[in-house]
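Participant: Got a structure here, written out as structure tokens. Questions coming.
The values are calculated or read from the model by the stated rules, or taken from the named source; none is laboratory data. Bear in mind the structure is a predicted one, so any value in this text is a computation, not a measurement. Here the Cβ is made from the backbone with ideal geometry for all residues, glycine too, and neighbour counts use every protein chain on show. What goes into the accessible areas is simple: the full protein's heavy atoms, side chains included, and nothing from ligands, DNA or RNA. Shrake-Rupley method; radii C 1.70, N 1.55, O 1.52, S 1.80 Å.
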Amino acid sequence: MMTLAKRGLLTAVSSMAAVAAYAQEAPDFGELEIIGAPHASGVGFQEAGTNLATQIHRLDGMLLIIITAITLLVMGLLAWVILRFNSRANKNPATFTHNSPLEITWTIVPIVILVFIGAFSLPVLFDQQEIPEGDIHVKVTGYQWYWSYEYTDEEIYFESRLIGTGQGNLNDEIIANLEAAGYSEDEWLLATDNAVILPVGATVVMDVTGSDVIHSWTIPAFGVKQDAVPGRLAQLWFAPEKEGIYFGQCSELCGKDHAYMPITVKVVSQEDYDAWLEYAREEFPA
């Protein structure tokens, strides 16, 4: 029986070999822009790469305006009460205990606000949860600590690991592997040896599950996040609108290497996707 040490060594060797193979043999997609990635001093959302993400960003902006207005109103009322009704300014306090118009107002106004928010947020939620007919179907499985992808309509299967798995902290060898795969050291801990390749404009439906513990498949720029639960199949969908490279990471604490199972998605033209399918059928048969 293969020992854990030997298995780990074989995994590391296969990961490095996959990087070289991918960089040398996979179709050349040209210079794809890195769109969905964190950057230094970044504030707010990443650039939206799907309509789902655009809807989330707009909803967030609307809610920010509402909560800011409520906060300013409450702060203003508190300041007015403090200044107007302190013991110095109000020597003879009133003795009444109820104000029906005021009580009706502070009951009805919050209800109206919540109904208004719901009228905009529920359609966004339903759009995320109502899975359409997909052009491409991919089964995603989370492992400790990497992802596997199966294009169920194409009989393609491959595993996707962090570039540099088993090679320690960032070093010259890892940087060389990143550059061989078309990345820079800035993409360390984000780039994977095998990326998910998708055509721009296609409706992608993913079945998400886990093999051992709960993971979570997330691409912030796509506006999607779905827990990968062992023994269950969950679904998400999106339709990428712009060619480029998008990064994500497991977003559910899954063990000691939780921070080292990133996600890389490359959105390419339909022609490049068709060329990749031909390559992948040979390189990654299911």
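Participant: Go through the stretch 163-183 and count every residue that is open to solvent by 40 Å² or more (accessible area, probe 1.4 Å) and either on the phi < 0 side of the Ramachandran plot or in contact (Cβ under 8 Å) with a residue 12 or more places away in the chain (or both).
Facilitator: 11
Participant: Can residue 201 be described as open to solvent by 20 Å² or more (accessible area, probe 1.4 Å), closer than 21 Å to residue 46 by Cβ and part of a loop (DSSP other than H, G, I, E, B)?
Facilitator: Here the answer is yes, as residue 201 does meet what is asked.
Participant: Restricting attention to the stretch 119-131, report how many residues are assigned to a loop (DSSP other than H, G, I, E, B) and either open to solvent by 70 Å² or more (accessible area, probe 1.4 Å) or modelled with pLDDT under 95 (or both).
Facilitator: 1
Participant: Scan 233, 253 and give me the residue that is of a type in the set (A, V, I, L, M), surrounded by fewer than 22 Cβ atoms within 10 Å (Cβ to Cβ) and in contact (Cβ under 8 Å) with a residue 12 or more places away in the chain.
Facilitator: 233
Participant: Inside the stretch 236-250, can you point out the residues that are open to solvent by 20 Å² or more (accessible area, probe 1.4 Å) and either hydrophobic (A, V, I, L, M, F, W, C) or touching a Ser or Thr at 6+ places or on another chain (Cβ under 7 Å) (or both)?
Facilitator: Across the stretch 236-250, the qualifying residues are 237, 239, 241, 243, 249.
Participant: Give just the number: which of (1) modelled with pLDDT under 90; (2) on the phi > 0 side of the Ramachandran plot; (3) open to solvent by less than 70 Å² (accessible area, probe 1.4 Å) does residue 90 not satisfy?
Facilitator: (2)
Participant: Select from the stretch 241-286 the residues that are among the charged types (D, E, K, R), closer than 18 Å to residue 193 by Cβ and within 19 Å of the chain's Cα centre (by Cα) and list them in ascending order.
Facilitator: 257, 266, listed by residue number.
Participant: Would a scan of the stretch 252-267 turn up a residue that is among the hydroxyl-bearing types (Ser, Thr, Tyr), within 18 Å of residue 136 (Cα to Cα) and either at pLDDT 95 or above or in a helix (DSSP H, G or I) (or both)?
Facilitator: Yes, that holds for at least one residue.
Participant: Oh, and also: Being open to solvent by 30 Å² or more (accessible area, probe 1.4 Å), aliphatic (A, V, I, L, M) and within 26 Å of residue 50 (Cα to Cα) is the filter here, so list the residues in the stretch 260-286 that pass it.
Facilitator: Correct list: 275 only.
Participant: Go over the candidates 47, 103 one by one and state the one that is charged (D, E, K, R), surrounded by 10 or more Cβ atoms within 10 Å (Cβ to Cβ) and in contact with a helix residue (DSSP H, G or I) (Cβ under 7 Å, 6 or more places away or on another chain).
Facilitator: Within the list 47, 103, the selection yields 47.
Participant: Let me ask something else. Would you point out which residue out of 219, 197, 245, 214 is closer than 12 Å to residue 140 by Cβ and either in contact with a Gly (Cβ under 9 Å, 6 or more places away or on another chain) or among the aliphatic types (A, V, I, L, M) (or both)?
Facilitator: 219
Participant: Do you know which of the residues in the stretch 132-162 that are in a loop (DSSP other than H, G, I, E, B) and under 19 Å from residue 255 (Cα atoms) is least open to solvent (accessible area, probe 1.4 Å)?
Facilitator: Among residues in the stretch 132-162 that are in a loop (DSSP other than H, G, I, E, B) and under 19 Å from residue 255 (Cα atoms), the one least open to solvent (accessible area, probe 1.4 Å) is 161.
Participant: Tell me, which residue of the stretch 217-230 that is free of Cβ contacts under 8 Å to residues at least 40 places away in the same chain and part of a strand (DSSP E or B) is farthest from residue 35 (Cα to Cα)?
Facilitator: 230
Participant: Right, next: Of the residues in the stretch 203-234, how many are within 14 Å of the chain's Cα centre (by Cα) and either at pLDDT below 95 or not acidic (Asp, Glu) (or both)?
Facilitator: 15
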